[in-house]
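Input: a single structure, listed below in C-alpha cells.
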2 protein chains.
Amino acid sequence: MDRSVDNPDPDASEVDPSETLASHLTDRLVQAIVSGDLSSGEKLSEPELANRFGTSRGPLREALQRLEGMRLVERRPRQGARVAMVGLRELVDLYAVREALEGMACRLAAGSMDADEVRSLRRLLVDHERRPDVQADQGYFQAEVLTDFHFRVVQASGNPELVAMLAGQLYHRVRLYRYRSSQINRRPQRALKEHHQILDAIESHDGELAEILMRRHIHAARLSIEQQLAAEMSR
Amino acid sequence: MDRSVDNPDPDASEVDPSETLASHLTDRLVQAIVSGDLSSGEKLSEPELANRFGTSRGPLREALQRLEGMRLVERRPRQGARVAMVGLRELVDLYAVREALEGMACRLAAGSMDADEVRSLRRLLVDHERRPDVQADQGYFQAEVLTDFHFRVVQASGNPELVAMLAGQLYHRVRLYRYRSSQINRRPQRALKEHHQILDAIESHDGELAEILMRRHIHAARLSIEQQLAAEMSR
DNA sequence: AGCAGCGAATGTGTCGACAATCGGCATTGA
DNA sequence: TCAATGCCGATTGTCGACACATTCGCTGCT
C-alpha cells in the first residue's frame, strides 16, 4: 500500500544514539499519521508496526503510549490502538480552544516580544507571501504555514505551560484533520494579511488589540468550519 | 519512610481484570505523587518502584510514560524519571491558562446547562458549605472542593477537547503544587460565595457574565499566588 | 587534603517468550 | 435460512534477561 515505511528500517541505520528508540519511533509514527500513511481510524497492529519499523514491540508500545498522550491514537484495553479520528465536529471544538488559548498567548506576546523578535517574525511572514502556493491563493501546505506563525507567537508568550498545552497536544490533534482542501484554507492571502495585522499590534505592544485580532482570526476559521459542518449535516 | 506502599502489592489482590495493570499502576502513582509519598523532584527508580508495587518493569514503564504525558514526571533519556517540580512560578502560569480555559468553559456551560444540572451543582455547593474545614474558613481539602466545582462546570461546557485538556493535563499539574497552606486557599468561604455567583450567572444563561465571574474568580487566586511569589523572590 | 582516573554496581533501553484474551469462522441446532 | 455456540488463530499484556550507559565509590596521584 505504502512504500515509504515498508521494508525493515531502511533509514534507521542513522539513528541518533542520544535519543531513545522509542522517541524516534514516536516521531516516525506522528509523521506517518499526519501524512496519512496511517489513515484515520485504522487499527494499529503492534507486531506489524514493530517489524515495519524494525524494532521489537517494547519501544513501539512506548511510542504508542506517547501518541495516546498526544491524543493521536486511542487505545482500548485488550483491543489495541487505533488512529484517532478528528472530524469537523472535533475540529470546531479544537478551534474554540485555540481561540481562547492563542488569544491569551497573543496578548502575552505583545507584552514581552522585543524588536528583534518582531523583525524575525516579520521576515517569516514575508517568506510566506512568496510561497507559490500562497501566491496562487490556494495553499496546500498552508496549514503548516499557519501553525508556523502561530507557534512562534505562542512561544513568545513566555508561558511554558501554555506552550506545552498547545504545541504538545492541541496542534498535533489539529493536524489530524485531513480534509483541509475546502473552506478552511481557501484564503491564505487573507490569513496572511491578518497575520501582519496581528504582528503590527504585537509590535506596538497593544496586547488587548493583539488578542482581539488573533481571536477574530481564529474565530473566522472556526465559523468557516462550522458552516462546512452544517452543510455536511444537512446533506 | 512511608508505609502506605511498601510491601509488594497488599491490595493488588482486588485488581479489576477489565483494566490493565499499567493503568492501575498509573492511578496508584498519581495518588502517590499528589499525596506526597513521592516527593517533588525525587528520582524514580524503575526496579525499586516495580517491586514496591509488585509488578515487573514493563507495566511500570508504561505507567511512567503516561505520567510523562500528564506532565507529572519528567524523563530524560538514560537518566530516568523524576517527579515534576511545580513551584509558584509554574503555578502562576498554570492559573493564567486556567483563567482563559475555564472562563471559556463557563461561558459555554451557561449556554448548555439545563435546570436539573444547575440544581445538582447547587446541591454540591451546599454540601461544600457544610464541610467543617470550610466552615472554619481554613480548608485543608479546599483544593479538591475547588476543582470539584470547576470540574463539573468544565464538563458541562460540552466541549470534549476542552475537558480533555483541563482534566487530562492541567488539573493534574495543578495538584502537584504541594505548599497550599498559604494564601491560595485562605478564604474558602469567599471562594464558595463566588462559586454561587458563577452558578447564578450560569442558571440565568448569562454566558458573558459567567465568564467574567469565573475569570475574576481565578484571577484573584492567581494574584494571590503572584504576591506570594513576589514575597518569596524578595526574600 | 583535594582532585583525577578507574572499576564496580546500579539502572535504563531493548529484546524475545509466554499466557490470557479477543475477533472471526465454521459447525450445529432450530 | 438464520442464530447461537464452540474452536482457532492472532494479538495484547506481562514477564524475565541481556547489553550498554551512567553513576557512585575507591584508589592513587599531585
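For the condition closer than 25 Å to A:L101 by Cα and either within 14 Å of chain A (Cβ to nearest Cβ) or modelled with pLDDT of 80 or more (or both), B:S112 qualifies.
Selection of region A:30-74 for residues being of a type in the set (A, V, I, L, M) and within 16 Å of the chain's Cα centre (by Cα) yields A:V30, A:A32, A:I33, A:V34, A:L67, A:M70, A:L72, A:V73. Away from DNA strand C (no atom under 12 Å from the Cβ), facing chain B (nearest Cβ under 10 Å), within 30 Å of A:H196 (Cα to Cα) and crowded, with 16+ Cβ neighbours inside 10 Å, is that true of A:L94? Here the answer is yes, as A:L94 does meet what is asked.
When B:V118, B:V126 are checked against the criterion of being loosely packed, with under 15 Cβ neighbours inside 10 Å and among the β-branched types (V, I, T), a single residue qualifies: B:V126.
The residues of region A:46-85 that are assigned to a strand (DSSP E or B) and not charged (D, E, K, R), listed by number, are A:V73, A:G80, A:A81, A:V83.
Collect the residues in region A:70-91 that are touching a residue at least 40 places away in the same chain (Cβ under 8 Å) and either closer than 30 Å to A:A210 by Cβ or buried (at least 19 other Cβ atoms within 10 Å of the Cβ) (or both), keeping them in residue-number order. Hits for region A:70-91 are A:M70, A:R71, A:L72, A:V73, A:V83, A:A84, A:V86, A:L88, A:R89, A:E90, A:L91. Counting only residues that are within 14 Å of DNA strand D (Cβ to nearest atom) and assigned to a loop (DSSP other than H, G, I, E, B), region A:35-45 holds 3 of them.
Criterion applied to B:R57, B:R61, B:R82 was being more than 11 Å from chain A (Cβ to nearest Cβ) and of a type in the set (K, R), and the one residue passing it is B:R82.
Determine, yes or no, whether A:S40 is among the polar types (S, T, N, Q) and modelled with pLDDT under 95.
Considered against the rule, which asks whether it is among the polar types (S, T, N, Q) and modelled with pLDDT under 95, A:S40 comes out as yes.
For region B:57-89, the set of residues classified as of a type in the set (G, A, S), away from DNA strand C (no atom under 12 Å from the Cβ) and farther than 14 Å from B:L38 by Cβ consists of B:G69, B:G87, listed by residue number.
Each row is one residue, and each column tells you yes or no for (1) surrounded by 18 or more Cβ atoms within 10 Å (Cβ to Cβ); (2) modelled with pLDDT under 95; (3) among the acidic types (D, E).
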site: B:R190; (1), (2), (3): no, yes, no
site: B:L199; (1), (2), (3): yes, no, no
site: B:H205; (1), (2), (3): no, no, no
site: B:E208; (1), (2), (3): no, no, yes
site: B:M214; (1), (2), (3): yes, no, no
site: B:A221; (1), (2), (3): yes, yes, no
site: B:Q227; (1), (2), (3): no, yes, no
site: B:M233; (1), (2), (3): no, yes, no
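The values are calculated or read from the model by the stated rules, or taken from the named source; none is laboratory data. Note that the structure is predicted; figures quoted are calculated from it, not measured. Don't worry about glycine lacking a Cβ; one is built from the backbone with ideal geometry, like all the others, and counts go over all protein chains shown.
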